[in-house]
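Note sheet for the following structure.
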Amino acid sequence: MILNFGSHLVNDSTSSTDSKKENDTKPTTPEWFDLHLETILFFSDLYKEIGGISLQLIAALVKKTPLQFYYVFVDNEIWDLMVDQINLYTTQIISLDKDVTPYSRLQKFSPTDRIKMERFVGIIGYMEMVKMLTLRHYWSRRRLFSNTSISKVMSRNRFEFLLHLLHFSNNEICSTGDRLFKVQPLLDLLINTF
């Protein structure tokens with residue numbers, strides 16, 4: 001149902017005599033009408049049958065922690081995809097990019113693993129809850145911005161490295177015209193999970 005007020009909106013530019021006339025008139029009742037979403041959104045019958053979280057999954061998640069609930073949807077395949085693609089992309093950059101100097105941080109690259117990726121995603125979640133002025137303030141040693149919890153989990157250089165190189169697909173096999181190519185593997189895994 002949608003509520004339609006029509007043209008009965010108060011205009012701020014009306015004079016005081018117009019506003020008295022408006023206040024004297026009886027307000028009209030809103031007009032309700034049905035909006036049929038089927039005419040606007042098109043869902044395939046297959047989606048209607050298998051969409052949503054299964055009842056077995058809902059029953060299994062009763063009285064579980066938020067972290068356990070999170071790991072149901074972000075499973076090992078997603079973590080493996082992130083780790084593999086970051087390591088692959090970094091290797092491609094080092095081997096193909098002529099601008100990488102011998103003293104670049106990329107030359108000191110050590111392959112990332114699942115634990116580092118979980119920490120990386122955890123820091124991003126923390127940053128969403130605790131706002132600071134810039135990214136570097138999360139690692140600041142100044143008393144005003146002091147935040148030792150993040151610096152104990154991961155160095156700022158490592159975090160920026162992972163943030164810069166976050167990848168979900170192999171650029172070497174990119175098909176032209178596919179706008180979702182860079183995130184398609186992640187989307188496929190998430191859709192299969194849901």
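The values are calculated or read from the model by the stated rules, or taken from the named source; none is laboratory data. These figures come from a predicted structure and were not determined experimentally. Cβ sites come from the backbone with ideal geometry, for glycine too, and all protein chains shown count toward neighbours. Calculation scope for accessible area: heavy atoms of the full protein, side chains included, ligands and nucleic acids excluded. Shrake-Rupley method; radii C 1.70, N 1.55, O 1.52, S 1.80 Å.
The trypsin sites (Lys or Arg not before Pro) of the stretch 102-194 that meet both conditions, a loop assignment by DSSP and at most 10 other Cβ atoms within 10 Å of the site Cβ, are LYS131, ARG141, ARG142, ARG143, ARG179. With 25 Å as the limit on Cα-Cα distance, the pairs of LYS152/LYS182; LYS108/LYS152; LYS131/LYS152 that go past it are LYS152/LYS182. Taking chymotrypsin sites (Phe, Trp or Tyr not before Pro) across the stretch 91-128, the ones in a DSSP loop with at most 11 further Cβ atoms lying within 10 angstrom of their Cβ are TYR103.
In this structure the stretch 72-163 gives 65 Å² per residue of accessible area when probed at 1.4 Å with all protein chains present. Taking a ≥ b ≥ c as the square roots of the eigenvalues of the Cα gyration tensor, the stretch 55-194 is oblate, since a/c reaches 1.5 or more and a/b is not larger than b/c.
Here VAL130 and THR176 are evaluated by their C-beta separation; at R0 = 45 Å the FRET efficiency comes out at 0.60.
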